[in-house]
Amino acid sequence: MPDLLELTGVSASYGRIQALSNVSLRVQEGSVVALLGSNGAGKTTTLNTISRLVPVTSGSILFDGKPIENWPSHKVVEGGIAQVPEGREVFRDMSVRENLELGAYRRKDTAAVRSDFERVLDYFPKLKERLQQRAGTLSGGEQQMLLIGRALMMRPRLLLLDEPSLGLSPVLVQQIFGIIDRLHKDGLTILLVEQNAAIALACSRYAYILENGEMALQGLSDQLRRDDGVRRTYLGH
């Protein structure tokens, strides 16, 4: 499969603070790729740089063969990249239905939007039960489902997931990753940032490990799971 996303030598800064240095990675179309690392390693910054929320100081970002490192963030979304941020950032005073509909606010294909709305509710039956409920009253797991559903309403080609398991019970984590697996089987390309390295490596084909804003290690997920250094540092073995 061809690469849908390619970062080559990407550096990024928050003002004078260097956040990423010479980061390169590839995401093949139709694959799940994991991006791992400790807190502060630069994982979220990498996603925000792809989404054009953080300026690129050097390097290139190609999406479907097109350079996007100078695009504004709204053009990135229109181009087919949707990010699910960490932190349960739902519109708390709006209903579940309104949150989902906002995901498609730039789309004009009304019939397809209706079809995608039903598809999202098929992925997340709990949201169907709570369409009129204020998003701020949902549980943490339900809010995570709503965030993913809202991103899917954009009909993205690439989904950027930032810490989907954060703060969830083991049962909910399994449910969320069951949905991620289903999305992958349905053909969606996913770049996954996740603190739970074991479950991230289990659901991905390839993985990258960041340390201090630099790429430290990469390889097939199955191989990294068997690497003694990875097992000690990230898997608790």
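Quick note: the coordinates plus some simple rules give every number you see, no bench work behind them. Here the structure is a predicted model, which is why all the values come from computation and not from measurement. Here the Cβ is made from the backbone with ideal geometry for all residues, glycine too, and neighbour counts use every protein chain on show.
Quick rundown of the values:
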{"read-out": "Of the trypsin sites (Lys or Arg not before Pro) in the range 148-225, those whose Cβ has at most 16 other Cβ within 10 Å and which sit in DSSP loop", "value": "Arg205"}
{"read-out": "Rounded to whole Hz, the Karplus (6.51, -1.76, 1.60) HN-Hα couplings of the range 65-76, x for glycine and proline", "value": "x, 9, x, 10, 5, 10, 6, x, 4, 5, 6, 4"}
{"read-out": "Subset of Lys75/Lys108; Lys75/Lys126; Lys66/Lys128; Lys43/Lys75; Lys43/Lys108 violating a 27 Å alpha-carbon distance limit", "value": "Lys75/Lys126; Lys66/Lys128; Lys43/Lys108"}
{"read-out": "With Cα atoms, 0 to 90° folded angle of helix 170-185 axis to the chain main axis", "value": "90"}
{"read-out": "Cα-based helix-to-principal-axis angle, 140-152 vs the chain, degrees rounded to 10", "value": "90"}
{"read-out": "Fewest-first ranking of Val96, Val54, Val23, using other Cβ atoms within 10 Å as the exposure measure", "value": "Val54, Val23, Val96"}
{"read-out": "Sparse-neighbour loop sites [GluC sites (Glu not before Pro); the range 58-145; at most 12 other C-beta within 10 Å; DSSP]", "value": "Glu89"}
{"read-out": "Estimated [θ] at 222 nm from DSSP helical runs (n ≥ 4, -39500 (n - 2.57)) normalised by residues in the chain, nearest 500", "value": "-10500 deg cm²/dmol"}
{"read-out": "Cβ-based exposure ranking for Met145, Met154, in which fewest neighbours within 10 Å come first", "value": "Met154, Met145"}
{"read-out": "Loop-located chymotrypsin sites (Phe, Trp or Tyr not before Pro) in the range 202-237 whose Cβ has at most 14 other Cβ within 10 Å (DSSP)", "value": "none"}
{"read-out": "Length released on extending from Ser95 to Asp122, taking residue separation times 0.36 nm less the Cα-Cα span", "value": "7.9 nm"}
{"read-out": "Antiparallel bridge percentage (DSSP; both residues within the chain; nearest 5)", "value": "60"}
{"read-out": "Principal-axis tilt of helix 110-123 within the chain, Cα atoms, nearest 10 degrees", "value": "70"}
